[in-house]
Structure formats: C-alpha cells, structure tokens
Amino acid sequence: MSSSPYTRVAVNAELGLYYKEFLPRSPAETFKGWLRGSRATRARNNGDALARAGFGAPQNVFWGRLPGGGEYLYTRRAAGETLTQWLRDTHGRDSLAQRRALLRALGVFIGRLHATGFVHGDLRPGNVLAHAHDGRFSFTLLDNERNRRLRPPPGRMLQRNLMQLNMLEHSTLGCTDRMRFFRAWHSQMREFDDIEGKIIAAGAYRWAMRRLRDKGYRR
C-alpha cells in the first residue's frame, strides 16, 4: 500500500488486520515523543478517544517497538471504502439518492465531531471510510495521530478540516454536492449562526480551490 516516506503500511485481508510502521523523521521527533508521546502512542490514544466519544476509529489490537527507534501498530481493518472511491463511483442516475444521503450523513458526522471538540490532523477524503448498511452510512476516521480535542475548537482549525475534505476536483464533487455537505455540517454547529457558518464554508472552499490550482488542477 502507498504511504508517506516515514510510514509503512500493509493489510492482511484474510485476518482483517491493518499494519502500520511509524519511522522516526529526525532525532528531534524522538525527543518530542518523550514529552507528548510517540506518533504510534498518539494514534492509539486518539483512536480510543474517538471510539469512547462514539465516533468510528480503527480498533487497536497490539503494538510494539522496532529496531532503530520506530514503532508498529496493528488495528482491525475497518469496513467501507474511502470517500474518494464512493464519490467517484456514484455518478449514475440510480445512485443519485445514495450520493446525496452519503453527503448529508458525512456532514452530520463531521459536524458532530467538531461540535464535540475534535479536530482531525489530516481530514483528506482518503482518511475517511464510508460504509453503507441497511440504508444508513457509518464512517471511520484513519490516521488519527495528529488529532486534537479543544473546547471550543478554533474556527481556523475547523476550516482547515473542511478545506481538506474539499480537496476534490469538480468532476468528482460539484458545487451543489459541496453545499449539501456544508449545510448538514452547519446543522450540528449550533454555536455558529448562519452568517458565521457561511463564512467558514466559503473560506474552506476557496482555500481548497487555491490548493488544487497550485497542484495543477484547472476547473
């Protein structure tokens, strides 16, 4: 499986296990790990915190240290496909209702997450698994080592999460779909009035479009 230069990941489909190695980026990271916990420790703790609060996160199985200062973590393989896969595969007429249901459910899920104080460290579509069962969607958040929980969470951090989710081309996620998601998200964020919610949503959208253009995407 693909990963960053400082991680190695693999999946054992037969056993239903997901394996991840956390490789040290620098000596400074080892020092910071003594102060706030290693990346593997934070991944375990943050995943457990999400689960206790009622949000989907991979179930930790076992973990340990590697020669050279790295660590590894085994988790249960979560059900579902990434948001990117779902959105790219639901363009047909027969799937329109399911696509709309997915975006509304996702908006409510992320709104509840933020309203509870959680901010994900890297909320790109590939780090959210969506699973449909009996007409309802459930979600699992991956790569939780950089999550934070703040009350209240700063608006800029919330906007960054929304920007990360919006890093999809218009051929995959159109403006109407984005608005459907934003409205469902705002329905859970009672501390923001309509104007504040629209400002955060518009800022997240513009930010995402700028980043896509920087990556060479043209609408």
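The values are calculated or read from the model by the stated rules, or taken from the named source; none is laboratory data. For clarity, every value in this text was computed on a predicted model and none was experimentally measured. Cβ placement follows ideal geometry from the backbone for every residue including glycine, while neighbour counts extend to all protein chains displayed.
Selection of the range 45-75 for residues being within 17 Å of the chain's Cα centre (by Cα) and either buried (at least 21 other Cβ atoms within 10 Å of the Cβ) or not in a helix (DSSP H, G or I) (or both) yields ASN46, GLY47, LEU50, ALA53, GLY54, PHE55, GLY56, ALA57, PRO58, GLN59, THR75. Determine if the range 145-165 includes at least one residue that is under 18 Å from GLN85 (Cα atoms), crowded, with 17+ Cβ neighbours inside 10 Å and more than 15 Å from the chain's Cα centre (by Cα). Checked against the condition, which is being under 18 Å from GLN85 (Cα atoms), crowded, with 17+ Cβ neighbours inside 10 Å and more than 15 Å from the chain's Cα centre (by Cα), the range 145-165 yields no hits at all.
Just one of (1) of a type outside the set (Asp, Glu); (2) surrounded by fewer than 18 Cβ atoms within 10 Å (Cβ to Cβ); (3) over 13 Å from ILE110 (Cβ atoms) fails for LEU173. It is (2). In the set GLU196, GLU169, GLU145, only one residue is more than 21 Å from ALA101 (Cα to Cα) and either among the basic types (Lys, Arg) or assigned to a loop (DSSP other than H, G, I, E, B) (or both); that residue is GLU145.
The set of residues in the range 172-193 that are free of Cβ contacts under 8 Å to residues at least 60 places away in the same chain, part of a helix (DSSP H, G or I) and more than 25 Å from ASP143 (Cβ to Cβ) comprises CYS175, THR176, MET179.
Could you say whether any residue in the range 59-76 is at pLDDT 90 or above, of a type in the set (A, V, I, L, M) and touching a helix residue (DSSP H, G or I) at 6+ places or on another chain (Cβ under 7 Å)? Checked against the condition, which is being at pLDDT 90 or above, of a type in the set (A, V, I, L, M) and touching a helix residue (DSSP H, G or I) at 6+ places or on another chain (Cβ under 7 Å), the range 59-76 yields at least one hit. State yes or no: is SER138 in the same structural domain as GLY111 (by TED's automatic domain parsing), outside any loop (DSSP other than H, G, I, E, B) and among the hydroxyl-bearing types (Ser, Thr, Tyr)? Yes, satisfied. Among residues of the range 64-76 that are charged (D, E, K, R), those with a beta-carbon under 8 Å from a residue that is in a loop (DSSP other than H, G, I, E, B) at least six positions away or on a different chain give the pairs GLU71/SER38; ARG76/GLY16; ARG76/PRO58; ARG76/GLN59.
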